[in-house]
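The values are calculated or read from the model by the stated rules, or taken from the named source; none is laboratory data. Since the model is a prediction, treat every value here as computed from it, not as a measurement. We place every Cβ from the backbone using ideal geometry, glycine too, and count neighbours over all the protein chains shown. What goes into the accessible areas is simple: the full protein's heavy atoms, side chains included, and nothing from ligands, DNA or RNA. Shrake-Rupley method; radii C 1.70, N 1.55, O 1.52, S 1.80 Å.
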Amino acid sequence: IKYVLTASHNDFWANIHPRIIKTSLALYADGYFDSAAEKAMREVETYLKELFANLKNASVEPMGVNEVMNALLNDGNIYSFDMSTVSGKDYFKGIKGLFESSNSAYRNPASHRNLSCSKREAFERITLASQLIYILEEHRK
């Protein structure tokens, strides 16, 4: 790795999910910001598909990542969200929106063409990908 990590850089990575660190840290550290960001978002998709295969015991997974995410999050036997309050319902709706929007904005376009992004944009996408995986872990029953 050409890049020497600084203290603030280490602080950033200390809060990122280990799966995202594994896929994106070296690329980001070497200045391949677009690849690091794309790999982070792809890891969210990979994680969702692994969860679906392991938890749903289905022989066929839904086609798109949004369908996989909906099948998982809407299954009350797998995920627990407080649906008894307006705030809880809004939170659940927002979480689903984060998954759908991030997939539409960052993952789908990257699968059709090369996207470039700045260091800051990569930082933001890596953080978002990490947050999405942590959400999936925190709300599992």
Specify the residue that is farthest from E43 (Cα to Cα); the eligible residues are those in segment 90-141 that are modelled with pLDDT of 90 or more and of a type in the set (F, W, Y). Y91
Note on S87: of the conditions (1) under 18 Å from the mean Cα position of the chain (by Cα); (2) modelled with pLDDT of 90 or more; (3) under 22 Å from R140 (Cα atoms), unmet is (1)
If we scan segment 65-72, do we find a residue that is modelled with pLDDT under 95, open to solvent by less than 40 Å² (accessible area, probe 1.4 Å) and in contact with a strand residue (DSSP E or B) (Cβ under 8 Å, 6 or more places away or on another chain)? yes
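Could you list, in sequence order, the residues of segment 117-139 that are basic (K, R), touching a Phe, Trp or Tyr at 6+ places or on another chain (Cβ under 7 Å) and surrounded by fewer than 16 Cβ atoms within 10 Å (Cβ to Cβ)?
Matches in segment 117-139: K119 only.
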Considering residues of segment 5-54 that are in a helix (DSSP H, G or I), more than 17 Å from Y134 (Cβ to Cβ) and of a type in the set (S, T, Y) only, the residue modelled with the lowest pLDDT: S8
Of all residues in segment 81-108, which are open to solvent by less than 20 Å² (accessible area, probe 1.4 Å) and of a type in the set (S, T, Y)? S102
